[in-house]
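Engineer: Questions regarding the structure given below will be posed in turn.
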Amino acid sequence: MERCSSGRLSLVAACALFGAFSFFLSVEAQAQSKASSESSTVQMSQGEDKAQAADNLQGQKPLADFSQLRHDFGEIVRGQKVSFAFEFKNAGTGVLQIRSIHSSCGCLNTKVEPKDFFAPGEKGKLSFEFDSSHFSGSVLRTVTVDTNQVRNSAVTLTFSAQVREEIRSTPSLLGVGEVLPEYNKSWLINLPTALRATGSEKEVLPDSAVKAGVPNSALKQMVESVDVKPIHVTSSHASILAEILAPQSRGKDYQLKVSFQGALPIGPLREKVTVWNTSRHLKELIVPIVGEVVGHVKQSAKYIEFGVVTRSEDVKRTITFTSDRKDFKVESVTAELRRTDALEGVAIADLLKYSTIRGENATQVNFELRFPAALAAANQPINASGLFLVRTNDPDYKEVRVPFFGVLRQGEKR
């Protein structure tokens, strides 16, 4: 203030202006502080759970105290759905939050009741249902509960069971390896059975049985029979036939005969045979069939990688097509280029070259990637990719698509 008493008008005005500005900043700061306080109060009053969760920041600590961490179902029957509830209490001083639940497999359905937030002293339970349809023998699974407690926020719950089977397939999965489309062969699968499970609950037919076209007579047996036995079988593909064979003598098992007849599509084989039976809990026994359907033509490589191609050196690659048919031949080869700005206007014939050499039961196809003479000088490498289309006279391999990749680079190859 002493500097403001110098008598100069301009200095007095500046001092007055400075004083007014300081007062404005003070008032604005008070207003913002009040607004922030009111905003915090509004936000914390938007929900009781959020308010309680904020209280934990004041030193209050929640604690999830489970009455038990492990449960054993004992012996159950495959196909049964069993449930259990782990009970817990918030034994801490803060609000307990169940943030998430993670199970070790998709065979579990979990639920927290009656809510996700629990005040000190409140009790809750974590319920889960286990579907044993895809299990046999000893089963051990875990459920991880993520909470907001300060230490050991993740609580692991464990359950176990011994799953008994009323009916099963031996082997449980039919692996056929590589087969030709018109492959004709049969496999036998044993179907051991055991004592039928008992229970007071009403038996329910799966909806899939009706959709699969299981006859009414078989549907009736599925719920009225006192013994466990296979009574009907369906297949997921018309070229895969299946039938049930009765035991050859007393004490022997039923058998499932699976036959390939007709044409199967080339590619991975992922089919199944379903054995409809009179067990109490697993009336739909699924036997997966896996393998690879291959045609008469085989190729030495599925794709071509040219690597780096320069102006001074072209790159050649070869794929050999073989067949057990003497009249097999490659009829033509063409190419499709993935167009980019750098390759715009470049003719495929200037970039790619291919030729064939036919031998006995085999044809060698030579592929070549070249640096086009018409390509403008480029400081950066240029990617060249696309498809070679190899057409043959084999009905299952009319057009073989061979992806290719390469890089065009100026200068010497590195």
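Engineer: Taking 0.36 nm per residue of separation and subtracting the Cα-Cα distance, what length does fully extending Thr142 through Val223 add? Write out the running numbers ahead of the final one.
Structural biologist: Details: separation 81, 0.36 × 81 = 29.16 nm, distance 3.40 nm.
Between Thr142 and Val223, full extension yields 25.8 nm more.
Engineer: Using 0.36 nm per residue of separation minus the Cα-Cα distance, give me the extension gain between Leu173 and Arg358 in nm, one decimal.
Structural biologist: Details: separation 185, 0.36 × 185 = 66.60 nm, distance 4.16 nm.
62.4 nm is the gain from fully extending Leu173 to Arg358.
Engineer: What FRET efficiency comes out for the pair Arg338/Val150, r = Cβ-Cβ distance, R0 = 41 Å, nearest 0.05?
Structural biologist: Numbers: r = 56 Å, r/R0 = 1.36.
Plugging the Cβ-Cβ distance into 1/(1 + (r/R0)^6) gives 0.15.
Engineer: Considering only C-alpha atoms, what is the centroid distance from the range 78-120 to the range 290-364, in Å?
Structural biologist: 58 Å
Engineer: Evaluate the range 279-329: find the radius of gyration of its Cα atoms, find its Kirkwood radius, and give the ratio Rg to Rh.
Structural biologist: On the way: Rg = 22.6 Å, Rh = 16.3 Å.
That ratio equals 1.39.
Engineer: Could you give me D for the range 297-408, from Stokes-Einstein at 10 °C and 1.306 mPa s, where the hydrodynamic radius is the Kirkwood radius over C-alpha pairs? Units µm² s⁻¹, please.
Structural biologist: Numbers: Rh = 14.8 Å.
Taking Rh from Cα pairs, D becomes 107 µm²/s.
Engineer: Right, something else. If you look for lysine pairs in the range 174-293 that are eight or more places apart or on different chains, how many of them have Cα atoms under 27 Å apart?
Structural biologist: Total qualifying Lys-Lys pairs in the range 174-293 comes to 27.
Engineer: Could you give the length gained by full extension between Tyr303 and Lys316, i.e. 0.36 nm per residue of separation minus their alpha carbon distance, to one decimal place? Mind dumping the intermediate values first?
Structural biologist: Working: separation 13, 0.36 × 13 = 4.68 nm, distance 1.33 nm.
Gain on stretching Tyr303 to Lys316: 3.4 nm.
Engineer: Along each of the three principal axes of the Cα atoms of the range 183-259, give the extent in whole Å, ordering the values from largest to smallest.
Structural biologist: 47, 34, 16
Engineer: Per the Debye formula with a single identical scatterer at each Cα and no solvent contribution, what log10 I(q)/I(0) holds for the range 64-164 at q = 0.21 Å⁻¹?
Structural biologist: Taken in order of the listed q values, log10 I(q)/I(0) reads -1.01.
Engineer: Using R₀ = 25 Å, calculate the FRET efficiency as 1/(1 + (r/R₀)^6) where r is the Cβ-Cβ separation of Glu203 and Gln68; round to 0.05. All intermediate terms of the calculation are to be shown ahead of the outcome.
Structural biologist: Working: r = 32 Å, r/R0 = 1.29.
The computed FRET efficiency comes out at 0.20.
Engineer: For the range 297-408, what relative contact order do you get, as a whole percent, if you take Cα pairs closer than 8 Å and at least 6 residues apart? Walk me through the numbers before you get to the answer.
Structural biologist: Numbers: 231 pairs, mean separation 41.1, N = 112.
It rounds to 37 percent for the range 297-408.
Every number here is computed from the coordinates shown, using simple stated rules; none is lab data. All of these numbers come straight from a predicted model, not from anything done at the bench. Every residue, glycine as well, gets a Cβ built from its backbone with ideal geometry; the counts of neighbours run over all protein chains shown.
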